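Below: one structure, written as structure tokens.
The values are calculated or read from the model by the stated rules, or taken from the named source; none is laboratory data. Note that the structure is a prediction, hence the values are computed from the model and not measured. So basically every Cβ, Gly included, is an ideal-geometry build from the backbone, and we count neighbours across all protein chains shown. The area values use the complete protein model at the heavy-atom level, side chains included, leaving out ligands, DNA and RNA. Shrake-Rupley method; radii C 1.70, N 1.55, O 1.52, S 1.80 Å.
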Amino acid sequence: MIYFDNASTTKPCEKSVRYLNEYLTDKFFNASSIYRQGIENKNQINLCKKMIAKKLGINFKDNIIFTGSATEANNIAIQGSLRKNFGKLLFSEGEHPSVYNTALALKNKGFNVEFVKLNINGTVDIDDFKNKLTPDTSFVSIMHVNNETGAINNLDYLVDLKNKICPNAIFHSDGVQAFGKIEYTLNSNIDLYTISAHKIYGPKGVGALYSKNKSKLNPIIFGGGQEYNIRSGTENVANINGFMGAVEEIDYACYDYIKDIKRYIIDNLNSGFKVNGELEKTSPYILSLSFKSINGETLVHMLEQENILISRGSACSGSKIGNRILSAMQLDTQSVVGSIRLSFSKFNTIEEAKIVTQKLNEFSIKLKNL
Ligand code: PLP
């Protein structure tokens, strides 16, 4: 099998599985228990926080809140920040559904929610961002790397702009497709940053929210007060350790290797396709392509017959409802229909890229001649 759908999820690495197993079996204890085994597990969770904090380039483990997913972390970041008399909330049109649909739900409730347009390369339109940032803005959420196209937003620049116009507004970023893949030290002006384990060779069902100032966050569910009273629920010690195993294995050296895989495919595809996004400004891990006069969904299933797994786009956006992100980038309907997403991991090889490219060439000719 060739697996080129790593933006959807990655295969857990050996170390992650080992840590996960250890804490699912021998060390299954509740981290909030007051006997030795519980205290040891709590200490272990703190160690995991330290490791993540270090990778983000921050000093304090207590800025890391573990959650059950990045979806949950995004919801806590947004809904947990709401206050009485909250001003405008600003989101990009490129956000993942866990942010975008939360924004829509708030809009339906009567909050002042606006969306910033995307450029044709998939990044945030800076002029539109400047226009929509107003002194009454209370909250800004702009993702770091887009999960459909790999477009990279320049967070340092965006947060600087935000600070010029509304310095007190909270700045959140969904860093799920960036963390562990693109080397980045968290800007000290970013208030909230979301990450997920299963995109970086860790287990599904665990995410984390970095929060610069936890006193500005309210819980959105209520319970036993775990995770600083912000995210109640018995700590998932096994998943958290599986997350740490993946974080310990982060190796930015594979960035260039993955870039070569992406470059090989683009350089060796026949004509009749275009890359969605600007190659040099996208993550090497994600390649969004549009084929002329071809249905991307058909292409996905033809490749599946060859044991090659790719995607139509985000598993969450679904083929039946088109592609919100590509449409926001002003792609015409034909290009949206003809779009596919290939996404890579450190486990992929150039040999695999060769096979997939050859099959894409073969099938795209076949489909055009139908
Ligand atoms: N944000 C982005 C950019 C994603 O790609 C994903 C994963 O699909 C998520 C959030 C949600 O992550 P999780 O599956 O941990 O809820």
Where is the GNM fluctuation largest for the chain (alpha-carbon springs, 10 angstrom cutoff): G272, G205, G122? G272
Using Cα pairs closer than 8 Å and at least 6 residues apart in sequence, work out the relative contact order for region 11-81, in percent. 13 percent
Y257, Y3, reordered so the largest accessible area comes first (probe 1.4 Å): Y257, Y3
For region 14-248, averaging the sequence separation of alpha carbon pairs under 8 Å that lie six or more residues apart and dividing by its residue count, the contact order in percent is 30 percent
For the chain, shape from the Cα gyration tensor axes a ≥ b ≥ c, cut at a/c of 1.5 then a/b versus b/c, turns out oblate
Proximal aspartates and glutamates to K162, defined as alpha-carbon separation beneath 19 angstrom and excluding residues fewer than eight positions away on the same chain: E93, E95, E114, D125, D127, D128, D136, D174, D191
If each of Y228 and F347 carries a label point 7 Å out from its Cα toward its Cβ, how far apart are those two points in nm? 3.3 nm
Once Q334 and E297 are pulled to full extension, the length gained, defined as 0.36 nm per residue separation minus their Cα-Cα distance, is 12.1 nm
Specify which residue in the list Y23, F222, S211 is farthest towards the positive end of the charge dipole of the chain, using unit charges on the beta carbon of Lys, Arg (+1) and Asp, Glu (-1), about the Cα centre. F222
Which of N295, S311, N241 sits closest to the plus end of the dipole of region 235-345, meaning its Cα is farthest towards the positive end, when Lys and Arg get +1 and Asp and Glu get -1 on the C-beta? N295
Average accessible surface area per residue within the chain, 1.4 Å rolling probe, Å²: 43 Å²
Within the chain: Cβ-based charge dipole about Cα centre, in debye rounded to nearest 20 (Lys, Arg +1; Asp, Glu -1): 720 debye
Carbon and sulfur atoms account, in whole percent of the 1.4 Å probe accessible area of the chain, for 51 percent
Within region 45-70: backbone nitrogen closer than 20 Å to the T185 label point (7 Å, Cα to C-beta): 50-64
H301, H172, H198, ranked by accessible area, largest first (probe 1.4 Å): H301, H198, H172
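With n ≥ 4 as the cut-off for DSSP H runs, can you work out [θ] at 222 nm for the chain, using -39500 (n - 2.57) per run divided by the number of residues, rounded to the nearest 500?
-11500 deg cm²/dmol
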As an exercise, use a Förster radius of 35 Å and the Cβ-Cβ distance of Y252 and I39 to find the FRET efficiency, rounded to the nearest 0.05. 0.55
Point-to-point label distance, N361-E278, nm (Cα→Cβ direction, 7 Å offset): 3.0 nm
